[in-house]
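The values are calculated or read from the model by the stated rules, or taken from the named source; none is laboratory data. Predicted model only: the values in this text are computed from it and were never measured. Using ideal geometry, Cβ is built from the backbone for each residue, glycine included, and neighbour counts are taken over all protein chains shown. SASA here: full protein model, heavy atoms, side chains in, ligands and nucleic acids out. Shrake-Rupley method; radii C 1.70, N 1.55, O 1.52, S 1.80 Å.
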Amino acid sequence: LAKICGITPKRLALTENVTSGCVLPLWGLPFSPGDHLLVSDCEHPGVVSACIELARRKHLFIDILPVEHLRDGGNQKEHTKQKVLELLEVRLKPNTKLVVISHLLWNTGQIMPISAIADELKDHPNKPFLLVDAAQSFGQISVSKAAPKADIYAFTGHKWACGPEGLGAVCVSERVLEESNP
């Protein structure tokens, strides 16, 4: 799994599903009251609910990254990338601490430019963490460039990987291992 994801085995943990792979490390990230979470409008309810509860408990704010209206038709991959980066530039706040987005959107089938998003976040003054729900991407598209760029990249084994239910995994960045308690 680590080889498929382009990471070292030290950065991979088995989970029961994609939601626990997203939520468990999410709750260990270092947040301060007033931090902002930027969550795409195409996230699965399990991840959204966890972000809402985290925000309530830690006194955080949730902002929405509107990507549902973008459509990746045929040769428009570069167009989508440009639009997502423009949206990020507008929606990121100085105190954004986390961006949550799926690699392959479950409700539109659109592929998000995870590597470009990660590069954009590294240039942000607050260097937000990047949480990626990869439930639809793992086993369907190559993940070896996106997984190493995300701070949390969680996937399930029962969808496109054709594995059993109740088995998933999460890739975490060195930064998550050093700065949080995942």
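For I64, what charge total do you get from the other residues with a beta carbon under 14 Å from its beta carbon, if Lys and Arg give +1 and Asp and Glu give -1?
-2
Roughly to the nearest percent, how much of the accessible area of the chain is carbon and sulfur, given a 1.4 Å probe?
The nonpolar share, carbon plus sulfur, comes to 54 percent.
Which residue fluctuates most in the GNM of the chain (Cα springs below 10 Å): T108, T96, T156?
So, out of T108, T96, T156, the one fluctuating most is T108.
Calculate the dipole size of the chain relative to its Cα centre from +1 charges on Lys and Arg beta carbons and -1 charges on Asp and Glu beta carbons; express the result in debye to the nearest 20. All intermediate terms of the calculation are to be shown ahead of the outcome.
Numbers: 19 positive and 20 negative charges, 49 e Å.
Result for the chain is approximately 240 debye, rounded to the nearest 20.
With a 10 Å cut-off between alpha carbons and a GNM built on the chain, which of H44, H103, H79 moves the most?
Most flexible of the set in this elastic network: H79.
If I model the chain as equal point scatterers sitting on the Cα atoms and use the Debye formula, what is log10 I(q)/I(0) at q = 0.10 Å⁻¹?
Each listed q maps to, in turn, -0.34.
In terms of Cα to Cα distance under 14 Å, which aspartates and glutamates are near enough to K97, apart from those fewer than 8 places away along the same chain?
Within the straight-line cut-off, K97 pairs with D35, D63, E120, D123, D151, E179.
Would you kindly work out the equivalent ellipsoid of segment 77-136 from its C-alpha gyration tensor and give its semi-axes, the square roots of five times the eigenvalues, largest first in whole Å?
Those come to 20, 13, 9 Å.
When the convex hull of the Cα atoms of segment 1-90 is projected onto a plane and the area is averaged over all directions, what value comes out in nm²?
Projected area, direction-averaged: 7.8 nm².
Calculate the length of the line joining the C-alpha centroid of segment 77-93 to that of segment 119-149, in whole Å.
14 Å
For a test of the definition: using alpha carbon positions, the gyration tensor, and the 1.5 limit on a/c, classify segment 86-182 as rounded, prolate or oblate.
It is oblate, given that a/c is not under 1.5 and a/b is not larger than b/c.
With a cap of 16 neighbouring Cβ atoms within 10 Å, and only residues DSSP puts in a loop, list the trypsin sites (Lys or Arg not before Pro) found in segment 87-151.
Within segment 87-151, the qualifying trypsin sites (Lys or Arg not before Pro) (loop, at most 16 other Cβ atoms within 10 Å) are K145.
Set the Förster distance to 45 Å, then compute FRET efficiency between K10 and Q82 from the Cβ-Cβ distance, nearest 0.05.
The pair K10/Q82 has a calculated efficiency of 0.80.
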